[in-house]
Amino acid sequence: MRLRRSTLTLLSTALMATTAAASATAADRPEQHCAGQNRIRVPGAAFQQVSCHDDLTTSALTGTSYTDPTDWSSLTAKGTLNPTDVPGIQIDGYFPDSSHLNTTHGWNHDAQFVIRLPDRWNGGLVITGAPGTRKQYSLDTSISDWVLARGYAFAATDKGNSGPDFYTDGRRPGDAVVEWNGRTTELTLAAKNLVRQSYGHSPRRTYMTGMSNGGYLTRWQLENHPELYDAGLDWEGALWTPDGPNLFTYLPTGVRHSLGRASTKDMLAAGFTPGTEFLWPYHEQVYYGLTQKAYRAEFDPEYDPNCPGSSAGSTLPEILAPCQSDASYDYASRPESVKKAVERVSLTGKIGRPLITVQGDLDALLPVATDSDAYARMIADRHRSRLHRYYTVEGGTHVDGLYDSHPDRLRPVLPCYRAAFALLTDWVEHHQDPPASGTVPKPTSGDVVNSCALR
């Protein structure tokens, strides 16, 4: 269901009505475990569940209902070191919505969120949305654990719809993805208000971040609601533009290649990166077919109304299988109404706050040539390059879990993402300009799973 403008207006009004009631930082006040737990109310939420924890990280929450390992599975490499021992408050719940794709907690309700408030707060807030079509706990190991240990409050949304059938949400082509952006804005406003309730004053710094579709959300928010954030960190965000590049300008070639109807030369001409050939078989089995058919059903349902139809599938093989018709999909020849649907969610490059982009140069799902390279040019065309840094991680790919299968060819992007976060906060809070955009070389030694030098 598309988020109502009136709901956002009410949340925005509530936020603007707040004042900085206290100037002291958390370090200036006696630390109290789960202080303010009883007065917490998430503005606009239809349901909330507040809990106090001795440790908000996945080391303690795994095996409980407060995180979901199936949601963050495969997103980090084995051997990734995460912090522990972060006491504080967790709030789980959902905003009003009429769709029911998210079955987490047995709620069968979309627009679910998780908000975590550490006892030892540094005055900052980190907002994110789920990558891919995952749900609200998907970034617990890659982002939540790490930022919580540094004192940030953390909030994540399922984007209002999830899973391979996300495209069934909404009435008009593009509605489901339009909702992603509205839900992110909604969560940001609510989380800012909630932080004030808990700590006594609004966050001094608010950062938007995310991976893949979450990176897209970051780009969109900094273009459309820069007033809500101080800066953003975009990890391989998906790029949507009405005239291309977008998923539809290259993914059909991936589908054809998986069916034996396209050559390596065709793949490279479509934008896939030379050197990623060894990753194509895996992506053909897991990503290309499903991604093409689900997003095509979202933006161009009339192309093949019978595939995928009302569901992408009921078994894993059915879900992952491509629609045969998508092998012949030609975005450039589709009706103007399709481009209008894509335009509803498109990016422009007109960012209003500092943004750092990180992406692996061996990304075989969102190739750098059709994604971050193009977005960096869009930012430059808008004369906003002074607000942007773009670091291409040599040997990085779309999902860090693939490093475990190819440690001789890949490196995880996560440590470079964390290093970039430190650069971003120094840029915003200490006016230290980050290094110029460029490629981060793959190290020949050392712990590549947990270290990355960006300076």
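Every read-out reported here was derived from the displayed coordinates using simple, explicitly stated rules and does not represent laboratory data. Every value quoted in this text rests on a predicted model; they were computed, and no experiment measured them. Neighbour counts are summed over all protein chains in view; Cβ atoms, including those assigned to glycine, are modelled from backbone coordinates with ideal geometry.
Please rank E227, E302, E236, E429, fewest neighbouring Cβ atoms within 10 Å first, as an exposure proxy.
The fewest-first ordering by Cβ neighbours comes to E227, E302, E429, E236.
What net charge is computed for the residues neighbouring Q136, neighbours being all others with C-beta under 14 Å from the C-beta of Q136, Lys and Arg scored +1, Asp and Glu -1?
Within the 14 Å Cβ shell, the charges total -3.
Mind listing which trypsin sites (Lys or Arg not before Pro) in the stretch 348-404 are in a DSSP loop and have 16 or fewer other Cβ atoms within 10 Å?
Loop-located and lightly packed - K350, R382.
Tell me whether the stretch 247-343 comes out rounded, prolate or oblate; compute the Cα gyration tensor, take square roots of the eigenvalues as a ≥ b ≥ c, and use a/c under 1.5 as the rounded threshold.
oblate
Net charge within 14 Å of R382 by Cβ-Cβ distance, Lys/Arg positive one each and Asp/Glu negative one each, not counting R382 itself?
+4
Mind sorting D361, D400, D426, D85 by how few other Cβ atoms lie within 10 Å of their own Cβ, fewest first?
D85, D426, D361, D400
Sort out for me the Cα centre separation of the stretch 159-213 from the stretch 390-412, rounded to whole Å.
28
Can you classify the stretch 355-440 as rounded, prolate or oblate using the Cα gyration tensor, where a ≥ b ≥ c are the square roots of its eigenvalues, rounded means a/c under 1.5, and otherwise it's prolate if a/b beats b/c and oblate if not?
Judged from the Cα gyration tensor, the stretch 355-440 comes out oblate (a/c at least 1.5, b/c at or above a/b).
How far, in nm, would the chain grow between D426 and S405 when pulled straight, counting 0.36 nm per residue and subtracting the alpha carbon separation?
Between D426 and S405, full extension yields an extra 4.1 nm.
Sum up the charges of everything whose Cβ sits under 10 Å from the Cβ of T70, counting Lys and Arg as +1 and Asp and Glu as -1, but leave T70 out.
0
Cα gyration tensor of the stretch 70-185, axes a ≥ b ≥ c as square roots of the eigenvalues: rounded (a/c below 1.5), prolate (a/b > b/c) or oblate?
The shape class here is prolate.
Which lysines, on any chain, are close to K265 with Cα under 24 Å apart, when same-chain ones fewer than 8 places away are left out?
K293
Counting each DSSP H run of 4 or more residues in the chain as -39500 (n - 2.57), what helix-only mean residue ellipticity at 222 nm follows after dividing by all residues, to the nearest 500 deg cm²/dmol?
My calculation for the chain gives -8500 deg cm²/dmol from helical runs alone.
How would Y216, Y329 line up from fewest to most surrounding beta-carbon atoms within 10 angstrom?
By the 10 Å Cβ count, ascending, the order reads Y329, Y216.
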